[in-house]
Amino acid sequence: MSALRRPLPVSNEFGDQSGDLQSMTYCVGILLDTGMVFLSDSRTSAGVDQISTFRKTVVFQKPGARVLVLQSAGNLAITQAVTSVLRENLEAAETAAGVTLFGCRNMFEAAQCVGEALREAYRRDAPALKQFAVEFNASFILGGQIRGEEPRLFSIYSPGNFIEATAETSYFQIGESKYGKPIIDRVIRRSSSLNEAAKAALISMDSTIRSNLSVGLPLDLVMVKRDRFAIARHVSIDDDNAYFASIRKRWSEALREVFAQLPEPDWLRNPRGWAPEQRAAD
């Protein structure tokens with residue numbers, strides 16, 4: 001095949017080049033005093049002419065005992081393999097505690113369980129991927145509550161290691177995160193309500209969708225109430241969702257209105273306030 005006819009490589013959100021589907025996504029998980037909120041898009045792309053929809057949020061729950069929410073970003077084949085391993089382990093006979101997400105004694109062990117499934121995928125697939133110059137990329141957000149402990153939230157990296165949310169850092173993002181971060185930083189606190197966090201997450205997602213075409217509808221919104229050990233709400237949001245359309249419109253209008261009300265820069269009226277290098281340049 002000549003160089004002119006050779007298929008162009010495809011860059012994913014992490015900057016690697018491959019020809020398989022990449023999870024061009026934005027996921028956010030927020031830990032609150034009253035529970036947890038998770039939001040993800042479902043856009044997946046291997047190029048501008050190949051756009052697909054795959055869910056990035058998976059729920060594992062035993063009502064009354066435990067509820068876990070897993071979000072994924074990165075190479076779609078890898079993230080699906082990890083999710084499949086976790087599900088297949090649940091279907092197998094449970095042996096020792098910590099082997100499956102339903103056998104783990106606490107959320108820390110659940111994060112270890114996801115990390116081990118990720119390493120299993122790496123051991124199986126990484127050598128073959130390397131031969132085709134495909135980087136092993138996958139990341140996860142895991143949050144939930146197991147009876148006997150507080151709700152907990154983890155960010156899990158490609159090597160299978162992870163960090164846990166703290167009082168100072170009470171949310172995690174994966175995927176295309178830079179556009180949606182400022183709104184969450186400005187308005188969300190651990191004391192925020194679930195509805196406030198859901199609203200902030202949706203505005204955060206809107207900012208990302210407007211700035212990056214690789215992120216798109218439909219969205220998955222999951223809310224977990226503290227000490228309920230079950231999903232409180234799971235909403236699929238598409239183009240027909242009236243609430244999301246309304247807050248997108250009102251948020252844009254409010255931003256333009258506030259921007260118009262801000263005072264003009266002082267140096268337009270007071271040249272003496274300029275820095276010396278600015279006056280010299282003029």
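The values are calculated or read from the model by the stated rules, or taken from the named source; none is laboratory data. Predicted, not measured: the structure shown is a model, and the values here were computed from it. Virtual Cβ from ideal backbone geometry, glycine too; neighbours counted across all protein chains shown. In case anyone asks, the SASA skips ligands and DNA or RNA and just uses the protein heavy atoms, side chains included. Shrake-Rupley method; radii C 1.70, N 1.55, O 1.52, S 1.80 Å.
Give a residue-ordered list of calculated ³J(HN,Hα) values for region 29-43 (Karplus: 6.51 cos²θ - 1.76 cosθ + 1.60, θ = phi - 60°; whole Hz; x for Gly, Pro).
x, 10, 9, 10, 5, 9, x, 9, 10, 10, 9, 9, 8, 9, 7
Hey, which of these cross-link pairs are over 27 Å Cα-Cα: Lys62/Lys249; Lys62/Lys181; Lys62/Lys178; Lys178/Lys249; Lys130/Lys181; Lys62/Lys130?
Lys62/Lys249; Lys62/Lys181; Lys62/Lys178; Lys130/Lys181; Lys62/Lys130
Can you work out the Karplus-derived ³J(HN,Hα) for every residue in region 176-193? Use 6.51 cos²θ - 1.76 cosθ + 1.60 with θ = phi - 60°, whole Hz, and x for glycine or proline.
7, 9, 5, 6, x, 5, x, 5, 5, 4, 7, 10, 9, 10, 4, 7, 5, 7
Calculate the dipole size of region 161-227 relative to its Cα centre from +1 charges on Lys and Arg beta carbons and -1 charges on Asp and Glu beta carbons; express the result in debye to the nearest 20.
180
For an R0 of 25 angstrom, estimate the FRET efficiency from the Cβ-Cβ distance between Glu109 and Ala230 and round to the nearest 0.05. Working shown, then result.
Values: r = 20 Å, r/R0 = 0.81.
Calculated transfer efficiency: 0.80.
With Rg and the Kirkwood Rh both taken from Cα atoms, where does Rg over Rh land for region 63-163?
Looking at region 63-163, the ratio lands at 0.99.
Treat each spin label as a single point 7 Å out from the Cα along the C-beta direction, and report the Asp266 to Arg55 distance in nm.
Using points 7 Å along Cα→Cβ, the separation is 5.5 nm.
Only sites in a loop by DSSP and with at most 11 other Cβ atoms within 10 Å count here; which GluC sites (Glu not before Pro) in region 167-206 make the cut?
In loop regions of region 167-206 (DSSP not H, G, I, E or B), the sparsely surrounded GluC sites (Glu not before Pro) are Glu168.
Can you sort Trp267, Trp251 by solvent-accessible area, 1.4 Å probe, largest first?
Numbers: Trp267 135, Trp251 85 Å².
Most to least solvent-accessible, the answer reads Trp267, Trp251.
Residue by residue through region 162-170, what is 3J(HN,Hα) from phi via Karplus (6.51 cos²θ - 1.76 cosθ + 1.60, θ = phi - 60°)? Round to whole Hz and write x for glycine and proline.
7, 10, 10, 5, 10, 4, 7, 10, 9
Report the chymotrypsin sites (Phe, Trp or Tyr not before Pro) located in region 56-161 that are in a DSSP loop and have at most 10 other Cβ atoms inside 10 Å of their Cβ, or state none.
Listed in order of number, the matching sites are Phe132.
Asp41 accessible area, nearest 10 Å², 1.4 Å probe?
Rounded to the nearest 10, the figure is 0 Å².
For region 119-276, what class follows from the C-alpha gyration tensor (a ≥ b ≥ c being the square roots of its eigenvalues): rounded when a/c is under 1.5, otherwise prolate if a/b is larger than b/c, else oblate?
It is prolate, given that a/c is not under 1.5 and a/b is the larger ratio.
Among Ser191, Ser42, what's the order by accessible area (1.4 angstrom probe), most exposed first?
Ser191, Ser42
Might you work out the accessible area of Leu129 for me, using a 1.4 Å probe with all protein chains in place, and round it to the nearest 10 Å²?
40
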